[in-house]
Every structure is written in structure tokens, then in C-alpha cells.
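Q: Before I ask anything, here is the structure I am working with.
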């Protein structure tokens with residue numbers, strides 16, 4: 001990658017010094033080619049390596065693994081911004097050529113976000129153009145700045161972190177919002193104390209959204225259309241990946257959760273168990289199967305839109321709960337077990353259970369779902385031992 005060596009007097013910028021020339025009146029700085037955020041509304045009124053944007057993953061190609069390929073043209077930076085007219089610009093450095101970008105005429109608040117996009121916050125999107133006009137925000141806080149330089153589009157979104165998932169208090173229907181630290185231009189954090197987590201999966205996401213849509217028709221190949229940026233972290237507490245698969249909580253209890261950010265270093269998370277909770281009474285849990293591997297009551301194919309076999313468990317020994325399903329699996333697809341008829345309660349995926357029985361090999365993991373490789377009539381037993389929170393699925397092909 002080329003580097004730009006910029007002389008302050010010649011370029012008219014006041015850059016943080018990396019190296020000084022023999023002339024004490026001239027300071028030079030070495031910058032990698034790329035895109036930067038700079039402005040008096042941020043920590044850096046001048047170009048600084050800590051505010052360099054980085055390529056990120058196209059959400060359309062989720063789930064993300066550490067080996068996944070990023071879209072080079074889709075670039076992001078999380079950065080604290082203060083409210084007011086100071087704002088910031090996006091600056092492209094290419095050798096000695098500097099281009100300064102600001103909002104285009106169609107850059108505006110997104111008043112009708114999709115269900116999966118951020119809600120209830122400052123969320124602007126549109127084109128960017130070469131101008132010194134600033135991007136500005138209305139509230140001090142963390143912002144997610146994203147561009148796609150092939151599309152010439154930009155988004156700026158207020159970031160309010162939370163946790164969501166089957167293990168969290170509100171299930172997959174809504175986030176448990178984390179408490180934000182005092183505003184700082186260089187470092188911020190979000191936390192939850194006394195958080196009850198059951199055994200199950202979850203993610204970090206911000207502002208009640210999963211993604212920001214930049215394009216819906218771009219052909220990524222393999223029938224994958226569109227360019228979208230993730231607004232969530234998954235994969236693991238120690239390895240946060242935008243759009244990574246669900247994080248699994250294997251031990252229920254009371255936890256303290258923190259998400260800390262430092263400009264130039266990014267995010268780091270911790271999750272610490274601080275207490276125990278009594279065994280869950282599952283006797284009132286109506287658990288069913290949800291997926292696309294069976295027929296609905298009207299004879300049409302299910303597509304994650306109608307439960308199968310939702311029922312109460314048989315209780316043995318006071319703490320062992322068993323649900324039984326005899327199901328015609330007529331398609332090689334996916335399913336999960338879930339409580340009730342929406343995602344507000346408990347849901348159980350492949351990674352949560354121990355598979356047993358003569359047909360166990362016919363089921364595998366598909367992004368957290370149960371993937372069925374052999375169609376036919378099955379008897380499935382879902383068993384939960386509430387004292388250990390061990391889940392077992394026993395599969396028999398009839």
C-alpha cells in the first residue's frame with residue numbers, strides 16, 4: 001500500500017507529528033493511503049491514523065468467521081462525535097492527493113427504516129460528495145460512520161449498545177439496553193450489572209438494528225444480492241466479529257457485562273458471572289418446533305412462519321422436563337425449538353444440545369439451527385435437566 005508523506009506548510013494541514021525533518025519549522029507525517037474521519041467535532045481536527053476507516057463485511061454474506069472476506073469498498077469507523085456545527089469530514093488520502101468529502105444533497109435522516117435497521121436514533125444515509133461541508137450530529141455520543149466508495153454512499157448512525165438473544169431477559173424480540181458511560185472523544189463503555197442470563201445464545205447489537213442497507217441489487221454471486229453493513233457483534237466475547245454467529249452462554253447465572261471502546265483500538269468485551277439463579281421451572285414452557293422442514297396445518301410448506309407440535313412437557317423427578325414430537329420432515333432444511341409462538345421466550349438451537357439416538361447423525365449445525373440431511377418421519381425427544389441446564393435431543397427415524 002502506498003503512503004502519503006505530507007508537509008504541513010505545503011498541504012495546509014496541521015497533522016500529528018510522526019517524524020520531524022531537520023527544518024524545525026516543518027513537520028511531516030506518514031499516512032497510509034485510505035479514508036479517514038477528521039474534524040473538530042471528533043478527537044482529531046486533523047488527519048490521524050487512529051481515525052482511519054477500515055474495510056468490513058457485507059452483511060448479505062453472513063454469518064462471519066475470522067477467515068471471511070471483507071468487502072474492500074465497504075468501510076467503517078466507530079467514533080465518538082460531539083453535537084454541534086464542528087462536525088467532521090471524510091478524507092481520502094492517495095499519495096500526495098487529498099480529497100475532502102461531505103454530505104450530498106440527498107443525505108438525510110432515515111424516517112422509515114426497515115425492521116432490521118436501527119430505530120429511534122439519529123440515522124442518516126445518502127450520497128457523499130467532494131466538499132468541505134461537514135457531517136454533523138445532534139447529540140454527543142458514539143457514531144458508526146460507514147461508506148461504500150463504489151456506490152458513493154454514506155451513513156452516520158447513533159450507537160446505543162444492548163444485548164439480545166434467547167439467553168437474555170427479553171429473548172430475541174428486543175434488546176436489553178446497556179448503560180452508557182460519560183461521553184468522551186477517545187474512549188467510551190457500556191455495561192450491565194445484575195444481568196440474568198440463562199443457557200442460550202445472544203449477541204450485542206446497537207440501536208435495535210441488525211444492519212444498514214446500502215444496496216439491494218448488487219450481485220455477490222450465489223443468489224446473494226445487496227450490500228449491507230452489520231450493526232451487531234457475534235462469534236465470541238473474546239473475538240467480536242460484525243455479523244458473527246450467535247454467542248453461546250453455557251452457564252446460567254447473574255452476570256456483569258461490559259463493552260469498552262478506545263479510538264484506534266476498537267471494542268473489547270467482558271462477561272463475568274457474579275451469582276447464581278435457582279433452577280428454572282420449565283413446567284409451563286410450551287415448546288414447539290419452528291422451521292421449514294414440515295407442512296403447516298393447511299398443507300403448505302412451513303417457512304419459519306408456523307410452529308409444529310407446541311406443547312407442555314412431561315415432568316419427572318421434579319427437575320427433568322421432556323417434550324415429544326412425531327414429525328414428518330419432508331424437506332432438507334432447518335429448524336429450532338422455541339417457547340410459545342414468537343421469539344420473546346426461550347429458543348434452543350443445535351449448538352445448545354447434545355444429540356443422541358440412532359438418527360443423531362442426520363442432524364448437524366447450520367448457523368445455530370438444526371440442519372436435516374435425511375427426510376422422513378422422526379420421533380424427537382427434547383429433554384432439559386434444570387439442575388444442570390443440560391439439553392438433550394434424542395432422534396429416531398421411524
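FYI, it's all coordinate maths here, none of it is from the lab. Keep in mind that what you see is a predicted model, and the values were worked out from it rather than measured. Here the Cβ is made from the backbone with ideal geometry for all residues, glycine too, and neighbour counts use every protein chain on show.
Q: May I ask you to work out the translational diffusion coefficient for the chain at 25 °C, viscosity 0.890 mPa s, via Stokes-Einstein with Rh from the Kirkwood sum over Cα pairs, reported in whole µm²/s?
A: It diffuses with D of about 104 µm²/s by this estimate.
Q: Please identify which residues in segment 67-85 have an amide N closer than 20 Å to a label point set 7 Å out from the Cα of residue 224, following the Cα→Cβ vector.
A: 67-76, by backbone N distance to the label point.
Q: Give the Cα extents of segment 287-397 along the principal axes, in whole Å, largest first.
A: Dimensions of segment 287-397 along the principal axes of its Cα atoms: 39, 29, 24 Å.
Q: Moving on. Among bridges DSSP assigns within the chain, what percent are antiparallel (round to 5)?
A: Antiparallel: roughly 95 percent of the beta bridges in the chain.
Q: Determine the shape class of segment 217-364: with a ≥ b ≥ c the square roots of the Cα gyration tensor eigenvalues, call it rounded for a/c under 1.5, and otherwise prolate if a/b is greater than b/c, oblate otherwise.
A: Since a/c reaches 1.5 but b/c is at least a/b, the shape of segment 217-364 is classed as oblate.
Q: Let me ask you something else. Please give the direction-averaged projected area of the C-alpha convex hull for segment 144-291, in square nanometres with one decimal.
A: Quarter of the Cα hull surface area: 11.3 nm².
Q: Pop a pseudo-label 7 angstrom from the Cα along the beta-carbon direction at both residue 97 and residue 315 and give the gap in nm to one decimal.
A: 7.2
Q: Using the per-residue mean of other Cβ atoms lying within 10 Å as a proxy for protection, in what order, highest first, do the peptides 160-166, 92-98 fall?
A: With the highest mean Cβ count within 10 Å placed first, the list reads 160-166, 92-98.
Q: Tell me, in nm to one decimal, what length is gained between residue 396 and residue 191 on full extension, where the rule is 0.36 nm per residue of separation less the Cα-Cα distance?
A: 69.4 nm
Q: May I ask you to compute the full-extension gain from residue 119 to residue 356, defined as 0.36 nm times their residue separation minus their alpha-carbon distance, rounded to one decimal in nm?
A: 81.1 nm
Q: According to the square roots a ≥ b ≥ c of the eigenvalues of the Cα gyration tensor, what is the shape class of segment 85-135, taking rounded for a/c under 1.5, prolate for a/b larger than b/c otherwise, and oblate for the remainder?
A: Here segment 85-135 falls in the prolate category.
Q: Contact order normalised by length for segment 161-275, with contacts defined as Cα pairs under 8 Å and 6 or more residues apart; what percent is it?
A: 26
Q: Still on this structure, I have one more. Evaluate the distance, in nm, between pseudo-label points positioned 7 Å from the Cα of residue 379 and of residue 129 along their respective Cα→Cβ axes.
A: For the pair residue 379/residue 129, the computed spacing is 7.1 nm.
Q: If I stretch the segment between residue 284 and residue 184 completely, what's the gain in nm (0.36 nm per residue apart, minus their alpha carbon distance), one decimal?
A: This chain segment gains 31.4 nm when fully extended.
Q: Something else: Below 8 Å between Cα atoms, with a sequence gap of 6+, how large is the relative contact order for the chain in percent?
A: Contact order relative to length: 11 percent.
Q: Starting from the 7 Å offset along Cα-to-Cβ, what nm value, one decimal, do you get for the label separation of residue 217 and residue 40?
A: So the label points at residue 217 and residue 40 sit 4.2 nm apart.
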